Amino acid sequence: MHDHGSIEQLSPARRSLILAVRLLLLLCACLLYGCSDSTNSSENNVVPAAPVTPLIAFTVMDDFPHDTTSYTEGFLVHDGELFESTGHVPEFPYTRSLFGVVDRRTGKIAVKVDRESYFVEGIAFLNKKIYQLTYKTQVGFIYDAKTFRQLDSFRYANAEGWGMTTDGIHLIMSDGTAELTFADPAGFRLIKKLKVTENGMPRDSLNELEYIKGFIYANIWYNDHIVKIDPVTGKVVAKLDLTSLGFQARLKHPDEDALNGIAYDAVADKIYVTGKLWPNIYQLNFPHSHPPPHSLPIAAQPASRTRIHFPGPATPYS
Ligand SMILES: [Ca+2]
């Protein structure tokens, strides 16, 4: 069979031309394959960076004593006074279940309500009342904010009560899980459960709370961090790493238990932190003035008549 297409039958010039074209096509194919393979390889080798929660830079403006027998469960400022609630832990027989006003010169608590039959947890002031949680008894108590007389009690479904704060409308409680419970103060009716996540993962062990300018700040149990939570999405948007303060506390008082307690004086615009059995309370300064665009309406913060003043030079920590 005669093969019209056989390259051997062509003239040398045409054979050379066809060979050159074939070589060129082969080269192009190699280049294309090479580029494509290189791109895929590069894509396959890219390891996505692990998401990192932004750290909030802070400055320690001052410090003052904290009673090392105070097993802190609640911490807030009301009318310029620093209030603290503490629980009684059997392993630490000197601890007590109560709440009252912290004497800034000694750190001792001037007791307003003593509840030794319960493990006292977080407290919050709202509508001229004080709301107080208990640990595992699923009961809370309501007191008059001026006389501290008990007005009522309430029940909640959470297995445990931990921290509490308010956005000016709701009571917001933690229970050690990754959920915050928003409740109507009238009857503690459930409004919503907010799932808290950090970089897409549940952020559990939420403990003492503070609402500051549209965000919820939550201590993390047995961790020297305080996370900043968007109250609508539940996302942790930033966090404070207070490891340096925890280290100081352990140096001064090896029996200290854990960072727990953040309090905001909205009038003086001052923020305080402490911990369970810590020897000090610290006044911190850090950026906290920008509410999220979708933040919930915020009722007016309680007025302050007396500012807490602590003399002494500022000590920068970061
Ligand atoms: Ca607090």
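The values are calculated or read from the model by the stated rules, or taken from the named source; none is laboratory data. Remember, predicted model here, so these are calculated numbers, not experimental data. For neighbour counting, all protein chains shown are included, and Cβ atoms are generated from backbone atoms with ideal geometry for every residue, glycine included.
Here are some notes:
- Complete set of residues in the range 113-122 that are within 14 Å of L151 (Cβ to Cβ) and surrounded by 20 or more Cβ atoms within 10 Å (Cβ to Cβ): none
- In the range 248-261, residue farthest from H170 (Cα to Cα) [restricted to those that are assigned to a helix (DSSP H, G or I) and free of Cβ contacts under 8 Å to residues at least 12 places away in the same chain]: L251
- Criterion (in contact (Cβ under 8 Å) with a residue 40 or more places away in the chain and out of contact with any strand residue (DSSP E or B) (no Cβ under 9 Å at 6 or more places or on another chain)) met by exactly one of G214, G234: G214
- Within the range 70-88, being more than 14 Å from the ligand (Cβ to nearest atom) and either aromatic (F, W, Y) or at pLDDT below 95 (or both) holds for one residue alone: Y71.
- The range 146-164, residues that are over 12 Å from A183 (Cβ atoms) and away from the ligand (no atom under 16 Å from the Cβ): K146, T147, F148, R149, Q150, L151, D152, S153, A159, E160
- Selection of the range 165-211 for residues being within 16 Å of the ligand (Cβ to nearest atom) and of a type in the set (D, E) yields D167, D175, E208, E210.
- Enumeration of residues in the range 47-88 that are of a type in the set (A, V, I, L, M) and surrounded by 17 or more Cβ atoms within 10 Å (Cβ to Cβ): I56, V60, M61, L76, V77, L82
- Scan of the range 127-141 for residues that are exposed (fewer than 15 other Cβ atoms within 10 Å of the Cβ) and either modelled with pLDDT under 95 or not basic (K, R) (or both), ordered by number: N127, T137, V139
- Every condition in (1) more than 21 Å from the chain's Cα centre (by Cα); (2) more than 16 Å from the ligand (Cβ to nearest atom); (3) closer than 21 Å to K213 by Cβ holds for K136 except the one numbered (3).
- Long-range neighbours under 6 Å by Cβ, at least six apart or interchain, first residue touching a residue at least 60 places away in the same chain (Cβ under 8 Å) within the range 121-132, second outside any strand (DSSP E or B) and within 11 Å of the ligand (Cβ to nearest atom): G122/G163
- Every residue from the range 212-264 that is over 9 Å from the mean Cα position of the chain (by Cα), within 16 Å of T177 (Cα to Cα) and more than 16 Å from the ligand (Cβ to nearest atom): Y222, N223, G234, K235
- Residue match in the range 267-284 (condition: surrounded by 16 or more Cβ atoms within 10 Å (Cβ to Cβ), away from the ligand (no atom under 15 Å from the Cβ), in contact (Cβ under 8 Å) with a residue 40 or more places away in the chain and under 29 Å from N158 (Cα atoms)): yes
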